[in-house]
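Notes follow once the structure below has been shown.
Rule-based calculations on the coordinates, nothing more; no lab input. None of these values were measured; they are calculated from a predicted model. Positions of Cβ are generated from backbone atoms using ideal geometry, with glycine treated the same way; all protein chains shown enter the neighbour counts.
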Amino acid sequence: MTTTAHTSGPQPAMIATCWTSAGNVAPMDADERSPLAIEERVRAVAAAGWDGIGIAQDDLRAVRDTIGFPSLRELIAEAGIAQTEVELLTDWWTTDTRRARSDETRQLLLDAAEELGANHIKVATTYGDPAEDLTPFVQPLRELSAQAVDRGTRIAIEGMPFSLIGSVPAAAELARAVGHPGCGVIVDSWHVFRAGTTLEELEAALTPDILFGAELDDADATVRGTLFEDTIHHRRLCGEGVFDLVGLVETLTRAGWTGGWGVEIISREHRALPIDEALTRAISTARPIVQAGIAAARADTEENR
């Protein structure tokens with residue numbers, strides 16, 4: 001493998017989240033494993049200039065059962081990729097028959113996060129109307145956060161408008177109720193804008209201590225199909241939709257985010273592209289938006305001094 005040095009330098013760190021590099025596979029497919037070998041994905045992510053890579057649970061199972069996590073960590077390091085993320089855990093609060101599968105995935109993700117030095121483990125809730133009472137999630141999430149910290153990582157909650165934790169402000173409220181340093185939120189632009197959260201509401205909900213990650217993507221003005229169909233089939237490259245992504249980056253920067261910027265493109269068009277082209281398009285459209293948003297936040301800070 002050719003080693004490619006990656007340094008952020010003056011540029012913000014960019015992370016290819018799991019679906020951005022997964023190829024022709026979508027969330028909720030019967031088999032969510034990427035058709036691409038993990039070695040090919042790591043090579044392509046590095047060659048396109050990304051600083052980080054995300055990997056989802058079904059691909060992590062395949063890695064565990066073949067080359068193993070230590071070999072994957074070596075591949076990632078040799079490629080010059082500095083950051084790794086793992087996902088997705090659901091049903092972590094349940095007590096019925098769903099819990100056995102969730103606990104198996106929990107162990108998988110905890111093992112992977114520790115071996116790969118992951119930034120965090122992304123968690124979410126099942127589909128349904130947003131819960132009015134977040135109390136049932138607090139203690140299970142506190143226990144999960146403690147387990148994550150024991151393994152050298154953290155838990156990042158993703159609020160989604162079609163799920164029980166239906167927005168970023170709701171996820172932030174839950175993280176504060178948990179009150180554990182290993183529990184925070186990840187902010188995805190699709191979930192912000194499709195939930196109807198304003199940038200003012202977003203900034204009011206966030207503080208640096210619970211802001212664990214940021215992800216960017218775009219969409220059309222009108223939802224295509226259901227919210228879930230829109231999110232897994234019709235996301236757009238950054239700047240090719242209607243979201244105020246520069247404003248979002250500016251808002252998150254003012255809120256204290258200084259980490260890497262994930263890009264999560266999930267669409268039929270993106271999945272159909274050759275992996276090298278897909279990754280190049282995703283980073284080349286997102287990076288200027290991140291740079292513009294950070295610059296705007298810095299200019300605003302200077303103006304208010």
| request: Once you have a ≥ b ≥ c as the square roots of the Cα gyration tensor eigenvalues for the chain, tell me rounded if a/c is under 1.5, and otherwise prolate or oblate according to whether a/b is larger than b/c. | output: rounded
| What net charge is computed for the residues neighbouring residue 74, neighbours being all others with C-beta under 14 Å from the C-beta of residue 74, Lys and Arg scored +1, Asp and Glu -1? | -1
| remark: Treating only Lys and Arg (+1) and Asp and Glu (-1) as charged, each at its beta carbon, one finds that the chain has a dipole about its Cα centre, in Debye to the nearest 20, of 340
| said: Can you say what percent of the DSSP beta bridges in region 14-300, counting only those with both residues inside, are antiparallel? Round to 5. | reply: 10
| request: Would you please put 296-303, 81-88, 187-194 in order of how densely packed they are, using the mean number of other Cβ atoms within 10 angstrom per residue and starting with the highest? | output: 187-194, 81-88, 296-303
| note | What helix-only [θ] at 222 nm does the chain give? Using -39500 (n - 2.57) per DSSP H run of at least 4, over all residues, to the nearest 500, the answer is -14000 deg cm²/dmol
| query | For residue 56, what is the net charge nearby, where nearby means another residue's Cβ is under 10 Å from its Cβ and Lys, Arg count +1, Asp, Glu -1? | reply | -2
| Roughly what would the spin-label model give for residue 223 and residue 177, points 7 Å off Cα along C-beta, in nm? | 2.3
| Separation between the residue 198 and residue 131 pseudo-spin-labels, each 7 Å from Cα along Cα→Cβ, expressed in nm? | 2.8
| remark: Summing +1 per Lys or Arg and -1 per Asp or Glu among the other residues with Cβ less than 14 Å from residue 225's Cβ gives +1
